[in-house]
Amino acid sequence: MTFRLAAAALALMSGAAMAQNTGVAACDALYRSLEVCAATRVPEGERAAFRRDVEQGRAHIRQRSANPQARPQLEQMCLEQQGQMHQVLSAYGCRFN
């Protein structure tokens, strides 16, 4: 079971999602964790919507990160979202580093 989870996470992280980093370290870590959660824990019937929401969030951060002055606020915002997502997604058994 652990091998399959790790393989799914690696497949996701080596794909196109990694090529679309936001440029904000905390946000990139958050979205990688959300992708792993989607691939390994979110029920299949909910995955497409979950992944769409993750990509929309990533695109929003990427757009806002074009302004260097916004980066510190984005870093803090993603750290706060990570705490919120940990609570929300704990029912699925998702972990956030």
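In the condition set (1) modelled with pLDDT of 90 or more; (2) assigned to a helix (DSSP H, G or I), T22 is compliant with all but (2).
Being small (G, A, S), touching a helix residue (DSSP H, G or I) at 6+ places or on another chain (Cβ under 8 Å) and closer than 13 Å to D28 by Cα is the filter here; which residues of segment 51-97 pass it? Within segment 51-97, G57, S65 qualify.
Can A8 be described as over 13 Å from the mean Cα position of the chain (by Cα), at pLDDT below 90 and surrounded by fewer than 17 Cβ atoms within 10 Å (Cβ to Cβ)? Taking the combined requirement at face value, the residue satisfies it. Of all residue pairs spaced 6 or more apart or on separate chains, those with beta-carbon atoms under 7 Å, a first member in segment 36-53 that is without any contact (Cβ under 8 Å) to a residue 40 or more places away in the chain and a second member that is among the β-branched types (V, I, T) and in a loop (DSSP other than H, G, I, E, B) are F50/V42. When residues in segment 65-97 are screened for being basic (K, R) and part of a helix (DSSP H, G or I), 1 of them pass.
The values are calculated or read from the model by the stated rules, or taken from the named source; none is laboratory data. Please read these numbers as outputs of a predicted model, since none were measured by experiment. Backbone-built Cβ (ideal geometry, glycine too); neighbour counts: all protein chains shown.
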